[in-house]
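The values are calculated or read from the model by the stated rules, or taken from the named source; none is laboratory data. Note that the coordinates shown come from a computational prediction; the quantities given were computed from them, not determined experimentally. All Cβ positions, even for glycine, are placed from backbone atoms using ideal geometry, and neighbour counts span all protein chains on display. What goes into the accessible areas is simple: the full protein's heavy atoms, side chains included, and nothing from ligands, DNA or RNA. Shrake-Rupley method; radii C 1.70, N 1.55, O 1.52, S 1.80 Å.
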Amino acid sequence: AYEEYLRGRLHLDQRSTDLASAIACFERAAALDPSLSVAHSGLAHVFTWLALWYVAPAPFAFAKVRDAAARALALDPDDAVALAAHAITTLWHDWDLPAAARLA
């Protein structure tokens with residue numbers, strides 16, 4: 001599971017044009033080990049980028065971010081990537097600056 005997570009990070013960190021591969025790797029990692037919080041926060045991260053780059057429709061992408069970040073934070077409340085994704089969603093999708101500032 002962790003190796004799949006690392007493959008997903010590689011695709012995401014290289015800002016690959018194949019972000020679908022990053023999603024697939026993170027999903028495989030989460031399926032192999034549902035308790036691996038970083039797999040869920042990786043999904044939140046990639047969908048954050050898809051929303052902010054206008055690659056995916058914002059309502060769809062931010063819903064995925066919200067779901068994946070919630071799963072990651074349920075497993076690890078201190079997961080910085082999940083917290084950041086949640087804060088970005090709160091700011092850019094919900095337009096709730098005070099709530100986003102509390103999450104940061």
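Some notes on this structure:
- By the equivalent-ellipsoid construction on the alpha carbon gyration tensor, the stretch 1-40 comes out with semi-axes of 17, 8, 7 Å, ordered largest to smallest.
- Per residue value of the accessible surface for the chain (all protein chains in place, 1.4 Å probe), Å²: 55 Å²
- Looking at the stretch 7-39, the trypsin sites (Lys or Arg not before Pro) that sit in a DSSP loop and have at most 11 other Cβ atoms within 10 Å of their own Cβ are 15.
- Scattering from the stretch 50-104 was approximated by placing one identical point on each alpha carbon and applying the Debye formula without solvent; log10 I(q)/I(0) at 0.15, 0.21, 0.27, 0.28 1/Å stands at -0.38, -0.72, -1.07, -1.11.
- Shown for the chain: the carbon plus sulfur share of the solvent-accessible area, taken with all protein chains present and a 1.4 angstrom probe, equals 62%.
- What the pair-distance distribution of the chain shows, using all Cα-Cα distances binned every 10 Å from zero, is 19, 50, 28, 4 percent.
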